[in-house]
C-alpha cells in the first residue's frame, strides 16, 4: 500500500496556550492509537527545537557536519506521522484527524514507490 507523510511546520502550534499542550498530546496520541488499531500507523513524532539543541545537524557531501540550531532555516518540520493506507483519500482522512488533534493544518505527501525500500 502507499505510504503518506502527514506533517506540520514548526510554529504551527504556537497559537496553542501552554496549559493546553497536555490535552493536545492526549488527542494526538488517541489518533495514533486509532491508526494503530486500523493497521495504518507506521510512525509518528514531534521534532525538538530546544535552544542549543545539537540534535539538528547538516551533513555536507564531503562529510562536514554543522550543528544547529539554524534559525534561518525555512519550513522546518514540527511533527510527522506516516500512514500506510490504500488511497490518497484515506491519507486525507487521517490528516483531518491529526489536524483536529494538533489544532493545526497538516501537509500530506505520498512517498515515492520503491519496493526495494519498503519494509513490513
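Quick look at the numbers
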read-out	value
Virtual spin-label span in nm between residue 37 and residue 77, 7 Å along Cα→Cβ	2.7
Cβ-based exposure ranking for 87, 61, in which fewest neighbours within 10 Å come first	61, 87
Helix-derived mean residue ellipticity, 222 nm - over the chain, DSSP H n ≥ 4, -39500 (n - 2.57), to 500	-9000 deg cm²/dmol
Reported label for calculated log10 I(q)/I(0) by the Debye sum over Cα atoms at q = 0.10, 0.11, 0.14 Å⁻¹ given (1) -0.27, -0.33, -0.53; (2) -0.60, -0.64, -0.79; (3) -0.37, -0.44, -0.69	(3)
Least to most buried among 49, 4 (fewest other Cβ within 10 Å first)	49, 4
Exposure proxy ranking, count of Cβ atoms within 10 Å, fewest first, for 7, 48	48, 7
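Only the coordinates and a few stated rules stand behind these numbers; no lab work does. Just so you know, these numbers come straight off a predicted model, no measurement behind them. So basically every Cβ, Gly included, is an ideal-geometry build from the backbone, and we count neighbours across all protein chains shown.
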